[in-house]
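In what follows, a single structure is set out as C-alpha cells and then discussed.
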Amino acid sequence: MLGVGSFGYVRLASHCDSGTGEERVLALKAMRKDHLVKKRQVGHVLNERWVGQALHHPFVCTLISTYQDEAHLYMLTEALMGGELFSLLCTYDTFDAPTARFYLAQVVCAFEYLGNVLGVVYRDLKPENLLLDSQGYIRLVDFGFAKQVDDGVTFTLCGTPEYISPEMVTNRGHGLGCDWWATGVLLYEVLTGTTPFAHDSTMEVYTRIVQCSYAVPADVPMPAADLISQLLEPSVAARL
C-alpha cells in the first residue's frame with residue numbers, strides 16, 4: 001500500500017512483459033465509484049483521465065492506462081518511490097537556494113509544457129502534489145483540477161486556499177497565470193517553511209491574497225525575493 005485517500009487507495013503493482021520477461025514496477029490507484037458519485041467528483045476524475053492521457057513530459061507523472069470494474073475505477077501510473085516533496089521539506093524545514101532552484105526549475109518546465117503546448121491550467125500546485133522518482137527528480141501528480149483553457153479563462157474556485165491567486169478569489173476569471181502565482185507561493189514556502197499568506201482563518205488567507213499582503217524574510221537571497229515579487233503580482237498582465 002503506497003497511500004490511502006478519501007476516495008480509495010494506491011497500491012504498488014508489477015507488470016511482467018510476456019515477450020521479454022522484464023518486470024516493471026507501477027502504481028495502481030483505485031477509486032470507489034460510490035464515493036466519487038456521493039462527493040460529486042465524477043467530473044474531476046473523468047477530467048483527470050482526459051488530461052493524463054494527453055500528458056507526456058519528464059516532470060509530469062505518466063498515466064499508463066485506466067480500467068474499471070463494478071465497484072472501482074483504476075488508474076495505472078508509473079511508480080514514484082521517492083515520496084512527496086512535502087515530506088522532504090518537513091525533514092529539512094527549509095531548502096537552501098540551490099535546492100529550491102533545482103526543484104523550482106522542474107515545476108517551471110512542467111508548467112511551460114502544460115500551458116504552452118496543451119493550454120492546460122493545473123490549479124493544484126503544492127508540495128504534496130510533487131512526488132520524487134528514484135533519481136530525485138519531481139513529477140507533477142493529481143490532475144483532478146486541471147482544465148484546458150488555452151488563452152481563455154474559467155471561473156471555478158478550486159485548489160489549496162494558500163496557493164490560490166487573487167483573480168480566483170475575486171472570481172474575475174482565471175487562466176494560465178494562476179499557476180505562475182502558485183509557483184511564487186511554492187518558492188516562498190520551500191525557502192521559508194511557510195506560505196506567504198498563511199493564517200488559521202481561510203477568509204483571512206483570501207483577504208491577504210487579494211491585498212497581496214506578505215513580507216519576504218531578510219535571509220531569503222535577493223534574486224529569489226525578486227522572483228517571488230514578480231510571480232506574486234496581483235495584476236495578471238504584469239505577472240511574470
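The values are calculated or read from the model by the stated rules, or taken from the named source; none is laboratory data. On a predicted model such as this, the values are computed, not experimentally measured, just so you know. Cβ placement follows ideal geometry from the backbone for every residue including glycine, while neighbour counts extend to all protein chains displayed. What goes into the accessible areas is simple: the full protein's heavy atoms, side chains included, and nothing from ligands, DNA or RNA. Shrake-Rupley method; radii C 1.70, N 1.55, O 1.52, S 1.80 Å.
A compact table of results
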item	result
Test for E23: is it over 14 Å from R139 (Cα atoms) and surrounded by 13 or more Cβ atoms within 10 Å (Cβ to Cβ)	no
Counted residues, the range 193-215 - those being farther than 16 Å from R101 by Cα and either open to solvent by 50 Å² or more (accessible area, probe 1.4 Å) or in contact (Cβ under 8 Å) with a residue 60 or more places away in the chain (or both)	13
Flag if H15 is farther than 30 Å from V190 by Cα and assigned to a strand (DSSP E or B)	yes
Helices (runs of 4 or more DSSP H) completely within the range 32-128 that count 2 or more residues being loosely packed, with under 13 Cβ neighbours inside 10 Å and modelled with pLDDT under 95	33-38, 42-54
Residue list for the range 143-155, filter: out of contact with any His (no Cβ under 7 Å at 6 or more places or on another chain) and either buried (at least 20 other Cβ atoms within 10 Å of the Cβ) or not in a loop (DSSP other than H, G, I, E, B) (or both)	F143, A146, K147, Q148
Residue check, V10 surrounded by 16 or more Cβ atoms within 10 Å (Cβ to Cβ), without any contact (Cβ under 8 Å) to a residue 24 or more places away in the chain and outside any loop (DSSP other than H, G, I, E, B)	yes
Hits in the range 1-60 (condition: more than 28 Å from F111 (Cβ to Cβ) and small (G, A, S))	A13, S14, S18, G19, G21, A30
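One line per residue, one yes/no per condition, for (1) under 17 Å from the mean Cα position of the chain (by Cα); (2) at negative phi; (3) among the basic types (K, R):
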position: T20; (1), (2), (3): no, yes, no
position: K38; (1), (2), (3): no, yes, yes
position: R49; (1), (2), (3): yes, yes, yes
position: H57; (1), (2), (3): yes, yes, no
position: C61; (1), (2), (3): yes, yes, no
position: M75; (1), (2), (3): no, yes, no
position: G83; (1), (2), (3): yes, no, no
